[in-house]
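Asker: Before I ask anything, here is the structure I am working with.
No value in this document is a laboratory result; all are computed from the given coordinates. The structure presented is a predicted model; accordingly, all values stated were derived computationally and were not measured. With ideal geometry, Cβ positions are generated from the backbone for all residues, glycine too; neighbour counts draw on all protein chains shown.
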Amino acid sequence: MLGIFVLLIIVMLLVLKFCKKTIKIVLSIIIVLVTLYCIIISVDMNRVNSLREPIFAISSELRNYENYSKEIYKGLGYRIEIDKVENQKILSSTMYFLNKVIAGAIE
């Protein structure tokens, strides 16, 4: 993720130096939006890795089984699945981006 942020900063500097005014404004807005999206994903990824509930994803589904429950959170382009036992202790969490696992943790 750090590499992505460095690339975005480099691209922003190149846009500011070499582009004309109208293109500069449009590209700057796009780069800022992509940077914010990367920050949102990295914050939720960090919380998944440390077995905590996500901040930016919304709880969409709760499946109750005999001894545990599975809660599914959905964000912009990603999904987080959290398994909990009866006392709401998190056993495992997995983060999917475009249906591929990008982060996970098991206690």
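Asker: Please enumerate the residues belonging to region 57-93 that are out of contact with any Phe, Trp or Tyr (no Cβ under 6 Å at 6 or more places or on another chain), surrounded by 14 or more Cβ atoms within 10 Å (Cβ to Cβ) and among the hydrophobic types (A, V, I, L, M, F, W, C).
Answerer: Scanning region 57-93 gives ILE72, ILE82, ILE90, LEU91.
Asker: A further question on this structure: When you scan region 76-102, how many residues do you find that are among the charged types (D, E, K, R) and over 25 Å from ILE39 (Cα atoms)?
Answerer: Residues in region 76-102 being among the charged types (D, E, K, R) and over 25 Å from ILE39 (Cα atoms): 3 in total.
Asker: For region 15-56, what are the residues that are over 26 Å from LYS74 (Cβ atoms) and surrounded by fewer than 11 Cβ atoms within 10 Å (Cβ to Cβ)?
Answerer: LYS17, PHE18, LYS20, LYS21, THR22
Asker: Only residues that are in contact (Cβ under 8 Å) with a residue 40 or more places away in the chain and within 13 Å of ILE41 (Cα to Cα): list them for region 97-107, please.
Answerer: Of everything in region 97-107, those that are in contact (Cβ under 8 Å) with a residue 40 or more places away in the chain and within 13 Å of ILE41 (Cα to Cα) turn out to be PHE97, ILE102, ALA103.
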